[in-house]
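Read through the structure below, which is laid out as structure tokens, and then see the notes.
The values are calculated or read from the model by the stated rules, or taken from the named source; none is laboratory data. Just so you know, these numbers come straight off a predicted model, no measurement behind them. Glycine also receives a Cβ, built like all others from the backbone with ideal geometry; neighbour counts cover every protein chain displayed. Remember, those area values only see protein heavy atoms, side chains included, never the ligands or the DNA or RNA. Shrake-Rupley method; radii C 1.70, N 1.55, O 1.52, S 1.80 Å.
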Amino acid sequence: MTGISPSGASAKAGAPPPLRRNRDFLLLWTGAGATQLGARTGVIAYPLLVLWGDGTAADAGLVAFAGLLPMLVLQLPAGVLVDRWDRRRLMLVCNVIGLAAMASVVAVVLAGRVWLPHILAVAFVDGAATIFYQLAERTAVRNVVHPDRLSSALAQNEARGRAAGLLGQPVGGAAFSVAGWLPFGVVAAGHLLSLVNLSLVRAPFQEERGPGERDWKAEVRQGLSWLWGQRFLRAAICVVAVTNLLFQIVNMAPLVVIRDHGGSAAQVGLIGLVSGLGGVAGALSAGKLLTGVRLPNILLGTLLSWTVLVPAVALTTQYGALLALYAAMSFTGAALNVGAGAYMAHLVPDEIHGKAMSAVMLASWGANSLGALAAGFLLAAFGTTTVLLGVAAAMLVCTVTAAASPAIRNP
């Protein structure tokens, strides 16, 4: 770590205050939580709007593809801009864009004029704003907390994200059951709350930047070069990228099953609720469970758990069993995210944090848009059981590959 924020420097003189007394962290944490809750509500609201209208699973896959495409095409430029621009100002702009996009969806749903190309465009724009916002927020955390509190802050951020997932799906499902426009109003409210909170934060979100000309291509290469120089991360991200793509299919499958069996949007939301509970438990337990455990072992253990759980999802027809299995997958995934987040926060210098994180996010999440697109068409063509068994076989290959990789076993 190359430096700390002025507030962190002053805190070094004595015991650092607990996070619950850090005003700036709480404002940032709750504002980002509101946008995450809105984002998770939107994730379920888009396919519900399509599937419970006249759309097909393939149409739902297209909408999910549009929302995730910014991860592939905007991640690297986002990293450069997050390190160049004022991070707080950038986050404010992202909230304004998201608010306007959601207002347009509310308007067309109320008017009964829902048009798939418009929904695709809104999903892309809101997804793009989310990429910039989340990357700026991730890189800002280290500047508003004392270094000794950084791991705790990251664990709380992971728990917040899982809680947003916990609440987002049931809120989206319940709101959609009341009125088709309502979940998009919830997303808009999240953007509004974040705008207010960000305006009240006093601490800077980045260290002082030196003057001088900047080369866009060189800055993009800087993040990629840093990642390429990390032997363990290179190998681990290749495996994680494949599992992230596979989980686009795993996460869409229950929507199709429930719709095809005459279920309700509320049942879809309950899966999100229970899955979120598992994720929150995993995030909050990670600090104690993972103490002294090497990140490679955390990764291998998580992959092994998914290799067992995914085929169980494919073979069960019991709704209660599905709830338990999705909760277990979220628990292990959250623990892995906490371990990886702490690893990155301590490893990457602040002046290239945005670029390095964008390279990591592009490599690990960039293919998700293709996974979502494939999920819709595969589930429509072959059915959930066949497709999920194929996913289980691919997950087994990922686990064996990671266990056999010297770069992962002995970083």
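Residue pairs whose Cβ atoms lie under 7 Å apart, separated by 6 or more positions or on different chains, with the first residue in the range 122-141 and closer than 13 Å to L74 by Cα and the second among the hydroxyl-bearing types (S, T, Y), are Y133/T35; L135/S358. Of the residues L72, L51, the single one that is closer than 24 Å to S364 by Cα and in contact (Cβ under 8 Å) with a residue 60 or more places away in the chain is L72.
One line per residue, one yes/no per condition, for (1) without any contact (Cβ under 8 Å) to a residue 12 or more places away in the chain; (2) of a type in the set (G, A, S); (3) touching a Lys or Arg at 6+ places or on another chain (Cβ under 9 Å); (4) open to solvent by 20 Å² or more (accessible area, probe 1.4 Å):
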| site | (1), (2), (3), (4) |
| --- | --- |
| S364 | no, yes, no, no |
| A375 | no, yes, no, no |
| F382 | yes, no, no, yes |
| V391 | no, no, no, no |
| M395 | no, no, no, no |
| V400 | yes, no, no, yes |
| I408 | no, no, no, no |
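Rundown of residues vs (1) at pLDDT below 85; (2) of a type in the set (S, T, N, Q); (3) in contact with a Gly (Cβ under 9 Å, 6 or more places away or on another chain), yes/no style:
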| site | (1), (2), (3) |
| --- | --- |
| S194 | no, yes, yes |
| A236 | no, no, no |
| L246 | no, no, yes |
| A253 | yes, no, no |
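Can you give me the number of residues within the range 127-175 that are open to solvent by 30 Å² or more (accessible area, probe 1.4 Å), among the polar types (S, T, N, Q) and over 17 Å from N197 (Cβ atoms)? Going through the range 127-175 one residue at a time, the tally reaches 3.
So, of the residues in the range 60-103 that are open to solvent by less than 20 Å² (accessible area, probe 1.4 Å) and either among the β-branched types (V, I, T) or on the phi > 0 side of the Ramachandran plot (or both), which turns out to be farthest from the chain's Cα centre (by Cα)? That would be V80.
Given the structure, is N22 open to solvent by less than 50 Å² (accessible area, probe 1.4 Å) and under 30 Å from R221 (Cα atoms)?
No.
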